[in-house]
Amino acid sequence: MSRQWKIAVLPGDGIGPEVTDQALRVLDAVRRRFDLVFETAEAVVGGAALDREGTPLPEATLLLCRESDAVLFGAVGGPRWDHLEGELRPEAGLLGLRKGLGLYANLRPAKLFPALAAQCPLRPEISGGDFDLLFVRELTGGIYFGQPRGISGEAGARVGVNTEVYSEAEVERVARRAFQLAGKRRRKLASVDKANVLESSRLWRDTVTRLAGEYPEVELEHIYVDNAAMQLIRRPRDLDVVVTTNMFGDILSDEAAALTGSIGLLPSASLGDGPQGFYEPIHGSAPDLAGQGKANPLAAILSLAMLLRHSLDLPEAAAAVERAVEQVLTAGYRTPDLGQGRPVSTQGMGALVVEALAADR
Ligand code: NAD
Ligand code: IPM
Ligand code: MN
């Protein structure tokens, strides 16, 4: 036993706590299976933090995250807090964490499990039954954070403003991460922008093109975002790593999630320059499912696998979790979002992954 890791756990709102609980059960199974020591500490964020402390991102939550090796995050938001504005929205808690921890690269893998091929809405000859994409979404810049922003003016004549802004340095660091990841995969990188209309995208494209010279082994293509939305459903197998802006990445990754069968399957890792990382499903708090045991916990469990791999450098443990998930799907177990099969609840799915992990040798 080498060291003890510290993991901050931020369950959040809606289905966030339910799916995070299942990921924690799997973490406990990993601890037993590999004889490891994890220290977990829970903190409030989002609507839960608003209710308790009047702010979606309490200082103590940010501090806990800063001093942890990794953060496991559920989801935030919900109708109860939808009337709130700006910095008081639950979502501002998540955005503040991403920015505050310097997590500029958001890795969102979207792969089709062969066991779920029938859940893919594409015809089999298009999906190929097993595509495997990796979105690298810029996470701390662009229109999510650009100034000026706000609503001003008199009632009836108000104006709302947001600003899409990228510096060369911001594009360069996320693009480098994408080139490096592409080098370890199929050596294909697609950069998605709107350079035919937006100056910020022209700078994005210029910068990515300049860097391509340093990564001659990677084949780079540029795709406009409208075309990318179409190509994703026409030729998902021709795409591999896709690097794009904060907002385009948000939208395209939900589209890719639908191609895999359910948004309840897609994990993510948000990384900065060091090993520290932030791990969350790409889905939201799904208020329509909260508290009913219907949410799919696999996105949260696969986010835990990414945490083990990227922040804790435990590739074997990560692979074991991923294998366990694959086995449970292959055996036909399905939460309601995954369609027909052997029906299971959120908790049931978690228990099956734990069981498969314990049996994996
Ligand atoms: P959502 O992702 O919560 O839900 C979209 C659809 O997907 C819903 O039909 C939901 O039932 C389904 N879904 C989501 N997760 C699922 C799971 N694990 N298993 C099965 N089905 C699942 O997006 P939304 O409805 O647009 O947003 C709801 C709230 O979540 C909003 O307040 C939004 O701001 C917030 N949100 C938070 C995050 C986050 O915390 N990272 C991400 C997206 C949305
Ligand atoms: C996501 C979510 C968030 C985003 C919201 C809740 C701030 O949609 O993580 O995909 O837009 O980044
Ligand atoms: Mn989103």
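Read-outs throughout are calculated quantities, based only on the coordinates presented, and are distinct from any laboratory measurement. Since this is a predicted model, take the numbers as computed values, not measurements. Cβ sites come from the backbone with ideal geometry, for glycine too, and all protein chains shown count toward neighbours.
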| query | Taking amide hydrogens as modeled 1.01 Å from N in the peptide plane, which residues meet the under 5 Å criterion relative to Y333, leaving out close sequence neighbours? | reply | R342
| Listing M247, M230, M306 from the residue with the fewest other Cβ atoms within 10 Å to the one with the most, what is the order? | M230, M247, M306
| query | Roughly how many nanometres apart are two label points built 7 Å out from the Cα toward the Cβ at M230 and R361? | reply | 5.5 nm
| said: Let's test the formula: R0 of 41 Å, r as the Cβ-Cβ distance of A41 and Q180. What FRET efficiency results, to the nearest 0.05? | reply: 0.85
| task | Treat every Asp and Glu Cβ in the stretch 198-258 as -1 and every Lys and Arg Cβ as +1, leave all other atoms uncharged, and give the resulting dipole magnitude about the Cα centre to the nearest 20 debye. | result | 120 debye
| field | Fraction of antiparallel bridges per DSSP, the chain only, in percent to nearest 5 | value | 35 percent
| message | Which three extents, in angstrom, do the Cα atoms of the stretch 121-259 have along their principal axes, listed largest first? | response | 55, 38, 23
| query | Say R0 is 56 Å: what FRET efficiency, to the nearest 0.05, do A157 and F34 get from their beta-carbon distance? | reply | 0.35
| Measuring from label point to label point, each 7 Å out along Cα→Cβ, what is the V197 to E217 span in nm? | 3.8 nm
| message | Test of understanding: ordering V30, V243, V218 by Cβ neighbours within 10 Å, fewest first, what list do you get? | response | V218, V30, V243
| What is the chain's relative contact order, in percent, from Cα pairs under 8 angstrom and six or more apart in sequence? | 22 percent
| task | Output the direction-averaged projected area (hull surface divided by four) of the convex hull of the alpha-carbon atoms of the chain, in nm². | result | 18.8 nm²
| task | Pull up all non-local amide H partners of K188: gap of 5 or more, or a different chain, and H-to-H distance under 5 Å with H placed in the peptide plane. | result | E219, V241
| said: What do you get for GluC sites (Glu not before Pro) in the stretch 56-109 restricted to DSSP loop and a cutoff of at most 16 other Cβ within 10 Å of the site's Cβ? | reply: E67, E85
| What does the charge dipole of the chain about its Cα centre add up to, to the nearest 20 debye, if the Cβ of each Lys and Arg holds +1 and the Cβ of each Asp and Glu holds -1? | 740 debye
| query | Can you give the FRET efficiency for Q147 and E172, using 1/(1 + (r/R0)^6), R0 = 25 Å, r = Cβ-Cβ distance, to the nearest 0.05? | reply | 0.75
| message | With the cut-off at 29 Å, tell me which of the pairs K99/K194; K6/K188; K6/K99 have Cα atoms farther apart than that. | response | K6/K188
| request: Hey, can you grab everything whose amide H is under 5 Å from the amide H of T40? Only 5+ residues off in sequence or another chain; H modelled, so Pro and N-termini drop out. | output: I7
